[in-house]
Amino acid sequence: MEIFAVANQKGGCGKTTTASNLAAALAINGKKTLLIDLDPQAHASMGLGVEKEIGIYDCLSKISKNKCSLKDIIVHIAPGFDLAPSNIMLSTIDQELADEIGRESRLCDVLKDLKNDYDYCLIDCPPNLGLLTVNAIRSAHQMIIPVEASRFAVDGVKRLVEIVDLVRDRLGHSVAYRVLVNNFDSRLRHSFNVLNQIKKVFGEKVFNTIVHINVKIKESQSEAKTIFAFDKYSRGAKDYYSLSREIITGEGALMEKITAAMKKIVKKKARELSAVEFSFAGTADESVYVVGEFNNWAMDDASRLVKGNGVWKRRVDLKPGQYKYRFVVDGKWTQDTQNPVAEKNPFGELDSVLTVADQA
């Protein structure tokens, strides 16, 4: 199951509209899709005509009197399209989980039971950067950021990307993101100027599909229907269908690009490094370490030599340059007697000197 978080801390950018109509479009393409309403305002649920006392709060909470699993709350909307609804009780979850260990992964844990039941899962996030949004990002593989063609769009996306980076650094979970230009008014020159700015800043991360302003989308919301159920021939329906096709067909291509780019980076890094084998053939009862300028003179598992056939050895990948180093034999620092190149250090002893040539 591929999980997308649809997020933007700025209200009125079409986040909920995108989540609901994109989920419907993916289902029309034959992809079994689950929409999770993670907004306490429950706009996605109400926009689909669903109002339930039991919702996603009762799955995330540990103290709810209606405690249940995600499967217990799912509402069928259309063929291949299901909804996990929300309600106002979800607004209390931040305070409830404030002191909980692993609070950022509550949604991720809940979703594990459904990982084989759907092709796609879309998470409609609240319009803020609180705990619920962090839970959505932690659960997602990718993030869709809907933005309006306005002067504040770029700054808003940058703030959200900072949260993505924080989740990566603090929780060890990386999420790819893409920007969707929404509510685009093609009658205004200003819209095209902002669009060009967004593409200049975010490049290939911007979807090719643009969702234009369309009155039928607003009318469909008033009728508590998706744009496809309301008017499948409207401009809005065509835009969201196009977006679904871009996600389905471009998903593999995007991963191939990422993989190819990573391979190039690894290859480049490999060319920059040279494998150097340090060996110590002297007497050592317990341990031998190689420490130097290349590892900040640190004794750790990465610098410990391994004994085999009477010789202690350790291979280290080093960048081109000159390094001073020493062996630490059973806690005693000593120079490498097999290396004739040495320099006196500030303590009046000799450091061995190693020169690593540039392979290029």
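Readers should treat all values here as calculations from the given coordinates under stated rules, not as data from a laboratory. Not measured: the values here are computed from a predicted model. Glycine also receives a Cβ, built like all others from the backbone with ideal geometry; neighbour counts cover every protein chain displayed.
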Q: Name the residues whose placed amide hydrogens come within less than 5 Å of the amide hydrogen of GLU148, ignoring near sequence neighbours (fewer than 5 apart) on the same chain.
A: ASN182
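R0 = 51 Å: FRET efficiency of GLU53 with VAL276, Cβ-based, nearest 0.05? Provide the component values of the computation, followed by the final result.
Values: r = 67 Å, r/R0 = 1.31.
After rounding, the FRET efficiency stands at 0.15.
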**Q.** In sequence order, calculated HN-Hα J values of the range 205-211 (Karplus, 6.51, -1.76, 1.60; Hz; x Gly/Pro)
**A.** 6, 8, 4, 5, 5, 10, 8
Q | Descending principal axes extents, the range 82-213, alpha-carbon based, whole Å | A | 49, 32, 28
Q) Rounded to whole Å and sorted largest first, what semi-axes of the equivalent ellipsoid does the C-alpha gyration tensor of the chain yield via the square root of 5 times each eigenvalue? A) 55, 25, 17
Q. Which FRET efficiency, nearest 0.05, do ALA224 and GLU204 yield, Cβ-Cβ r, R0 51 Å?
A. 0.90
Q | Positive-pole candidate from TRP297, THR249, ALA84, dipole of the chain, charges at beta carbon | A | THR249
**Q.** In order through the range 297-310: 3J(HN,Hα) via Karplus (6.51 cos²θ - 1.76 cosθ + 1.60), integer Hz, x for Gly, Pro
**A.** 6, 9, 9, 8, 4, 6, 10, 7, 7, 10, 8, x, 6, x
Q: Only bridges with both residues in the range 2-267 count here: give the DSSP antiparallel percent, nearest 5.
A: 10 percent
Q | At least 18 Å along the helix axis (C-alpha) and Kyte average at least -1.0, DSSP helices within the chain | A | 15-28, 153-171, 189-202, 235-272
(Q) If I model the range 307-353 as equal point scatterers sitting on the Cα atoms and use the Debye formula, what is log10 I(q)/I(0) at q = 0.27 Å⁻¹? (A) -1.16
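About its Cα centre, how strong a charge dipole does the range 273-356 have in debye, to the nearest 20, once Lys and Arg get +1 and Asp and Glu get -1 at the Cβ?
Details: 10 positive and 12 negative charges, 33 e Å.
So the magnitude is around 160 debye.
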Q.
Can you tell me, using C-alpha contacts under 8 Å and at least 6 residues apart, the relative contact order of the chain as a whole percent?
A. 15 percent
Q: For ASP317, enumerate residues with amide H under 5 Å from its amide H, sequence gap 5+ or separate chain, H modeled in the peptide plane.
A: VAL276
(Q) Charges at C-beta only: +1 for Lys and Arg, -1 for Asp and Glu. How large is the resulting dipole of the chain about its Cα centre, in Debye rounded to 20? (A) 1180 debye
**Q.** Formal net charge of residues neighbouring LEU114 (Cβ-Cβ distance under 13 Å; K, R +1; D, E -1)
**A.** -3
